[in-house]
1. Do you know which residues across region 16-30 are surrounded by fewer than 19 Cβ atoms within 10 Å (Cβ to Cβ) and either in a helix (DSSP H, G or I) or touching a residue at least 60 places away in the same chain (Cβ under 8 Å) (or both)?
2. Does region 1-11 contain any residue that is β-branched (V, I, T), buried (at least 18 other Cβ atoms within 10 Å of the Cβ), under 18 Å from R104 (Cα atoms) and out of contact with any strand residue (DSSP E or B) (no Cβ under 9 Å at 6 or more places or on another chain)?
Amino acid sequence: MYDTACAAGERLARVLGSLAAEGAESENALVARLVSEVGGDGGTLADAAVRRGMAAAVRDVRSRHPELDDAMGGGAAVGGGFTWDILCDLYQVFFADMVGEFLRAVVAEHVKLAVPVLIATDPEGRIADWVAEKVVDLVPSPCEESAEATGLAQAVDTAQSVVGAVQDPSAALPKIAELLVPRAVGKVLGLITEEITGEEGAAA
């Protein structure tokens with residue numbers, strides 16, 4: 001799952017710049033593009049979770065940002081790109097929804113993989129709540145990283161690239177997002193392991 005999630009996250013990061021410039025004409029068009037460009041065509045459980053997670057992330061971000069409709073469906077901003085606060089939320093929510101969809105698939109397919117006991121006992125009612133409560137906030141936001149010099153220094157390779165990032169955020173944020181992918185994936189997948197350990201430890 002780790003390698004698949006990292007590859008998908010890197011592909012999403014590279015798409016963000018064009019979405020900031022071009023946007024999309026409708027939710028369906030946005031979902032279709034992202035599922036195609038980010039989800040790939042692999043046939044594993046993890047690949048399917050990426051595609052479903054991407055579609056779910058678009059829906060979730062639209063519910064968080066009603067102004068997204070103005071950029072897609074004939075509003076005042078039609079024809080323009082999406083703002084970076086929307087795109088950074090999309091980035092964060094994608095990783096969370098991908099984890100949620102992966103856990104749903106694990107439970108539905110009865111895969112012999114340990115999952116948090118709380119989820120296994122009531123998957124449909126609890127996976128979404130668990131993801132919303134614990135996962136989204138773990139994902140680093142490219143927007144927040146770009147606003148903090150210290151965060152940028154950790155997100156890019158050299159001080160020179162930090163300066164460039166500050167001067168041209170539209171060009172730098174996709175790169176920052178790409179560099180944050182291993183941390184994002186490590187945190188969200190690591191949480192699953194921590195939850196499993198915690199549940200088993202409590203039962204022991």
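1. Step one: filter region 16-30 for residues surrounded by fewer than 19 Cβ atoms within 10 Å (Cβ to Cβ), giving 17-18, 21-22, 25-29.
Of everything in region 16-30, those that are surrounded by fewer than 19 Cβ atoms within 10 Å (Cβ to Cβ) and either in a helix (DSSP H, G or I) or touching a residue at least 60 places away in the same chain (Cβ under 8 Å) (or both) turn out to be G17, S18, A21, E22, E27, N28, A29.
2. Yes, because at least one residue in region 1-11 is β-branched (V, I, T), buried (at least 18 other Cβ atoms within 10 Å of the Cβ), under 18 Å from R104 (Cα atoms) and out of contact with any strand residue (DSSP E or B) (no Cβ under 9 Å at 6 or more places or on another chain).
Residues checked against (1) in contact with a Gly (Cβ under 7 Å, 6 or more places away or on another chain); (2) of a type in the set (K, R); (3) modelled with pLDDT of 85 or more:
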residue: R59; (1), (2), (3): no, yes, yes
residue: S63; (1), (2), (3): no, no, yes
residue: D69; (1), (2), (3): yes, no, no
residue: G74; (1), (2), (3): no, no, no
residue: D97; (1), (2), (3): yes, no, yes
residue: H110; (1), (2), (3): no, no, no
residue: L113; (1), (2), (3): no, no, no
residue: L118; (1), (2), (3): no, no, no
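The values are calculated or read from the model by the stated rules, or taken from the named source; none is laboratory data. Keep in mind that this is a model prediction, so the values were computed, not measured. Reconstructed Cβ throughout: ideal geometry from the backbone, glycine too, with neighbour counts over all protein chains shown.
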